[in-house]
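The values are calculated or read from the model by the stated rules, or taken from the named source; none is laboratory data. Predicted model, so just to flag it, every value in this text is computed and none were measured. Neighbour counts run over all protein chains shown; Cβ positions are idealised from the backbone, glycine included.
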Amino acid sequence: MPNSFGAGPFADTSLDPPVRGFLHQSATTARDGLVITHGAGSNSRAPLLIALAEAFTGAGFTVLRCDLPYRQSRSFGPPRPGDAAKDREGLNNAVTALRQLVSGHVFLGGHSYGGRQSTMLCADDPALVEGLLLLSYPLHPPRKPEQLRTQHLPKLQTPSLFVYGTRDPFGSPEEMESALSLIPAKTRLLKVEGAGHDLGFKGTTKQDGLTSLVLAEFQEFFS
């Protein structure tokens with residue numbers, strides 16, 4: 001497996017909203033690319049995103065980990081109710097920017113809120129990317145299972161790999177399996193035993209075993 005170059009800052013201000021984050025480029029010519037983004041109170045510097053970007057770059061991908069528009073506007077705090085539509089526009093622009101850098105397939109994904117916005121974007125635009133990588137999809141608010149965030153899933157035509165901790169308070173594995181049954185596209189649920197919503201990434205803690213597992217599952221699922 002080739003070594004990867006370090007990540008460098010990335011910005012494309014020709015797009016509205018602009019794309020900002022970090023670009024990881026492989027030591028060998030990469031054909032495929034991955035756009036990955038963060039959850040609601042986080043940013044593109046999240047340890048989980050960095051670790052996954054390094055793993056995928058080592059496998060020959062070009063990876064863009066980006067800040068959603070709400071995070072570009074505010075350095076802390078969760079998104080506001082009116083931010084979601086613009087955040088999806090930002091993800092669309094990030095895919096556009098990455099397609100200018102790679103000649104092969106482009107995948108999209110994110111942690112929690114970022115993953116949910118990715119699914120909503122692709123439900124409306126099935127041809128946007130070749131696949132989705134969804135980390136800790138926030139199926140419902142903790143302790144509020146009646147508030148399911150599944151309304152768009154029956155329209156999702158994009159193959160999707162879900163990575164989910166078995167102790168995630170945003171939904172049980174059984175609830176996730178039920179939600180995936182609503183999706184007409186090819187799906188897979190990778191369960192991480194004992195993990196919560198952060199999938200074991202706290203502070204600067206790194207879970208190299210998890211990133212290797214996610215990469216292997218991703219390569220097999222999308223092969």
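Here are a few things to note about the model shown:
- Checked across region 15-34, the condition of being within 15 Å of residue 114 (Cα to Cα), in contact with a helix residue (DSSP H, G or I) (Cβ under 6 Å, 6 or more places away or on another chain) and assigned to a loop (DSSP other than H, G, I, E, B) holds for no residue.
- Matching entry among 115, 104, 90 (being closer than 23 Å to residue 186 by Cα, at pLDDT 95 or above and crowded, with 20+ Cβ neighbours inside 10 Å): 115
- Sole exception among (1) buried (at least 20 other Cβ atoms within 10 Å of the Cβ); (2) part of a loop (DSSP other than H, G, I, E, B) for residue 52, by number: (2)
- If you go through region 35-49 and keep only what is among the polar types (S, T, N, Q) and outside any strand (DSSP E or B), you end up with 42, 43, 44.
- Residue check, residue 163 assigned to a loop (DSSP other than H, G, I, E, B) and under 30 Å from residue 28 (Cα atoms): no
- Checked against the criterion of being at pLDDT below 95, over 30 Å from residue 99 (Cβ atoms) and part of a loop (DSSP other than H, G, I, E, B), the candidates 200, 171 yield just one match: 200.
- Qualifying residue in region 133-140 (condition: of a type outside the set (Phe, Trp, Tyr), assigned to a loop (DSSP other than H, G, I, E, B), touching a Gly at 6+ places or on another chain (Cβ under 7 Å) and within 24 Å of residue 212 (Cα to Cα)): yes
- Selection within region 10-20 - touching a strand residue (DSSP E or B) at 6+ places or on another chain (Cβ under 6 Å) and either under 23 Å from residue 59 (Cβ atoms) or aliphatic (A, V, I, L, M) (or both): 10, 11, 19
- Filter result (among the polar types (S, T, N, Q) and in contact (Cβ under 8 Å) with a residue 24 or more places away in the chain) within region 10-34: 25, 26, 28
- Verdict on residue 34 being under 15 Å from the mean Cα position of the chain (by Cα), crowded, with 24+ Cβ neighbours inside 10 Å, over 21 Å from residue 156 (Cα atoms) and modelled with pLDDT of 95 or more: no
- The listed residues are 111, 105, and the only one of them that is under 28 Å from residue 27 (Cα atoms) and either of a type in the set (Asp, Glu) or in contact with an Asp or Glu (Cβ under 7 Å, 6 or more places away or on another chain) (or both) turns out to be 105.
- Every residue from region 64-87 that is of a type in the set (Lys, Arg), buried (at least 24 other Cβ atoms within 10 Å of the Cβ) and not in a strand (DSSP E or B): 71
- Scanning region 46-96 for residues that are among the hydrophobic types (A, V, I, L, M, F, W, C), touching a Pro at 6+ places or on another chain (Cβ under 9 Å) and over 13 Å from residue 109 (Cα atoms) gives a single hit, 59.
- Any hit, region 80-87, residues being at negative phi, acidic (Asp, Glu) and touching a helix residue (DSSP H, G or I) at 6+ places or on another chain (Cβ under 6 Å): yes
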